[in-house]
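Contents: one structure, followed by commentary.
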Amino acid sequence: MSPRSRQALAIATACILASGMLAVGAYALWHDLTPDERALLQPVLEPRLGLLIMIAMVGAGAAAVWMKSFGERYLLAPALVADELGLMVGTDPNRRVKSDASPELARIAEAVNALADQRRSLQDDVEVRIAEARRSVEEERNRLAALMSELNQSVVVCNLDGRILLYNSRARLQFKALSDAPTAAGGGEIIGLGRSIYGVFERSLIVHALESIQEKLLRGEAQPMANFVTTTRAGQLLRAQMAPVLAVAGEGEAEGQVSGFVLMLDNITRTFEAETRRDQLLHGLTEGSRSSLANLRAAAEMLEYPDLDAEIRERFLKVVRDEVQGMSTRLEGAATEFADSLKTRWPLDEMQGADLVAAAQRLIERKLKLPTKLEEIQPDVWVKVDSFSLLQAVGYLASRLSDEFEVRELRFRLSQAGRLVHLDLIWSGQAMSTETVMSWELEPMSFAGENSPLTVRDVIDRHDGEVWLQREKTRHRAFFRFLLPSAAPQERLEAAAQLKGGSRPEYYDFDLFKRSAASDALDDMPLSALTFTVFDTETTGLNPSEGDEIIQIGATRIVNGKLLKSESFEQLVDPQRELPEASTKIHGITPEMLVGQPPLGRVLPAFHAFARDTVLVAHNAAFDMRFLEIKEQSLGIRFDQPVLDTLLLSAALHPSQESHRLEAICERMGVHVMGRHTALGDAIVTGEVFLRMIPLLAEAGIRTLGDARRASEKTYYARVKY
């Protein structure tokens, strides 16, 4: 029973006792009187019976007021102090207990605060020592994370259960491309810490590769690896190289035990398609040329006869001309279609055009002391270039312009032109001849003390591009135009997106090496060992059974006790109904923001995949789950995983508190509220609150998922239905 319930019971008991004592006293006094005394008093008391009852009620009320004050001092106040102590021990060591309910309780609070100050001092000393010991390990982890994030190849590290414990940014983009869900999931339903790699690869394929590696280890090979090519469920062709992660052998353990594996992935779908088309073309050229060559051979043999009739000779010559023309046409078509495959090309990197221009500006201004400006730089233009040699060429031309034509300012212009990109180097001043331009193109490049054996023409040929001089007579300007190959825009990960955490995403957790999916039953597992999806929804209203719809879903994940803000799900939803103005005032979502967004029929399956194999967590989860449950039958999905509600857990932890609203819980637990009333913002705040609840729940004896569910069911709020 909660302290407030005990207080109410005490007040009711005091009222009943006061009323009962008055009634018993009056009854005993009446029966102690003689009949004559009764007859004498009865005419006096009967008219005043109402006054006597009122006096009795006033007495009972006075007893209730006294008991309420007594309960607040000696029942409710200790419970509130106990809550403060739990929060101080479990979530905020800097918190201090305040109580002015009674002098005795105030002295206890002072003593507790003194002990807390001593504890904080000792903890600070311990934390300093731990930080010193852990600094080198953290530096190694940061170096590894930095290196992994910069690799151009997709890398995924898994434990033997196939649970992902490390991946890099390239892998995240790779898996996003494999996802068939809307932009909401963005591959998050496939890749993430603690997720299973078997969502992408067949388990038997991984097992076979591991067995192959184990055999190589037994043979003593220094670098045991396995390679395979597979088709994903999304129809993509992946080439994978697998390497083992070997455990450090303990005392009495064998060397070379595999504890996990590293997958290096390449999407070869386009390469395979291009090679297939090239093979088909080569086969067509071979078969098509075979008949042409046979005709040419027959015509040549006939033309060797000296006495051949002129008309017949002309006919065979026409055969030769036609066949040669046909072969020439086929070869030219093949060369045009597959020029990239049929030519030997210098390795080129894909980069954003604006970055290339910025690098050229820095080079010219730093080495030539020549000011530069920008003109019409189109955003989202990507080029495929050898940036080092191309910048050398741009710098060399800028140097010649400055030295020979006294150009004092250069401008850059960048634009898309179909499959090519135009990069213009612009200047004002004296015109130059075409012969001068050609001589500059063919001379080895030398500027600012740097020499290169390459010429501008060599660099342009490497890019299979062109460069020429062009004049703008009306503006008295000229420019060199570089024609460069364009590249498809690459999606970049948000480096510091709103509500998505610190400077580096949480892409690794090596503690997952120790975790096994096939351990205990879910209800018997500790809360600290589970994986959670914390989510929230924004809706058109509060009545799902009356037609209100979801307009936004936001979610994030908790893995191994860490809130992974970088692994988030956020998607607006077209409700396909009117959005009331009253709801817009709460969450700030307008009807214009929902135009063009996917319907719930596409978003909810993506969220279902994102939350697979996790425990759902929400604040006032009954409300959000009702919206999901209503759609389960029509969409053919079911959210059958366990659900925890921070509202119910707060009521179980702190039954004496008046409010269990999310803001009130955040204030009690020292959680900073940001992004409130957005789905992802509320999900992240709820996740922070839930993480701070876990140690408090453990102190209260609520350690497993089953404990948490049973404690939640006993609260009053568990009976609320939507």
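The values are calculated or read from the model by the stated rules, or taken from the named source; none is laboratory data. What you see is a predicted model, and the numbers here were worked out from it, not measured in a lab. Because the Cβ atoms are built from the backbone with ideal geometry, glycine has one as well, and the counts that use them run over all protein chains shown.
Which condition from (1) at pLDDT below 70; (2) in contact with a His (Cβ under 6 Å, 6 or more places away or on another chain) is the one that Leu52 breaks?
Looking at each condition in turn, Leu52 falls short on (2).
Please go through region 352-405 and pick out each residue that is over 20 Å from Trp468 (Cα atoms) and either in contact with a Cys (Cβ under 9 Å, 6 or more places away or on another chain) or part of a loop (DSSP other than H, G, I, E, B) (or both).
Leu368, Lys369, Leu370, Pro371, Gln378, Pro379, Asp380, Val381
Has region 247-256 got any residue that is at pLDDT 80 or above, closer than 30 Å to Ile206 by Cβ, assigned by TED's automatic domain parsing to the domain that holds Val155 and out of contact with any strand residue (DSSP E or B) (no Cβ under 6 Å at 6 or more places or on another chain)?
So far as region 247-256 goes, no, none of its residues is at pLDDT 80 or above, closer than 30 Å to Ile206 by Cβ, assigned by TED's automatic domain parsing to the domain that holds Val155 and out of contact with any strand residue (DSSP E or B) (no Cβ under 6 Å at 6 or more places or on another chain).
Hey, can you tell me all the residues within region 560-581 that are touching a residue at least 40 places away in the same chain (Cβ under 8 Å) and at negative phi?
Lys562, Leu563, Leu564, Lys565, Ser566, Glu567, Ser568, Phe569, Glu570, Gln571, Pro580
Do the conditions hold for Arg107, that is, is it at pLDDT 70 or above and not in a helix (DSSP H, G or I)?
Criteria not met by Arg107.
Considering only region 560-584, state which residues are surrounded by 24 or more Cβ atoms within 10 Å (Cβ to Cβ) and at pLDDT 90 or above.
The answer is Phe569, Gln571, Val573.
Quick test for you: out of Gly675, Gly701, Gly706, pick the one residue that is at pLDDT 90 or above, surrounded by 13 or more Cβ atoms within 10 Å (Cβ to Cβ) and either farther than 16 Å from Gly561 by Cα or more than 24 Å from the chain's Cα centre (by Cα) (or both).
Gly706 is the lone residue from the list that is at pLDDT 90 or above, surrounded by 13 or more Cβ atoms within 10 Å (Cβ to Cβ) and either farther than 16 Å from Gly561 by Cα or more than 24 Å from the chain's Cα centre (by Cα) (or both).
Hey, can you tell me all the residues within region 589-612 that are assigned to a loop (DSSP other than H, G, I, E, B), closer than 17 Å to Asp548 by Cα and out of contact with any strand residue (DSSP E or B) (no Cβ under 7 Å at 6 or more places or on another chain)?
Scanning region 589-612 gives a single hit, Thr590.
Before we move on, is Glu441 buried (at least 17 other Cβ atoms within 10 Å of the Cβ) and without any contact (Cβ under 8 Å) to a residue 40 or more places away in the chain?
Spelling it out, Glu441 is indeed buried (at least 17 other Cβ atoms within 10 Å of the Cβ) and without any contact (Cβ under 8 Å) to a residue 40 or more places away in the chain.
Looking at region 436-516, what strands (runs of 3 or more DSSP E) fall wholly within it and have at least 1 residues that are at pLDDT 55 or above and among the hydroxyl-bearing types (Ser, Thr, Tyr)?
It comes to 444-447, 450-455, 477-487.
Looking at this structure, is Leu647 in contact with a Ser or Thr (Cβ under 9 Å, 6 or more places away or on another chain), outside any helix (DSSP H, G or I) and modelled with pLDDT of 90 or more? Step through it out loud before you land on a result.
Working: in contact with a Ser or Thr (Cβ under 9 Å, 6 or more places away or on another chain): yes; outside any helix (DSSP H, G or I): no; modelled with pLDDT of 90 or more: yes.
So Leu647 does not fit the description; no.
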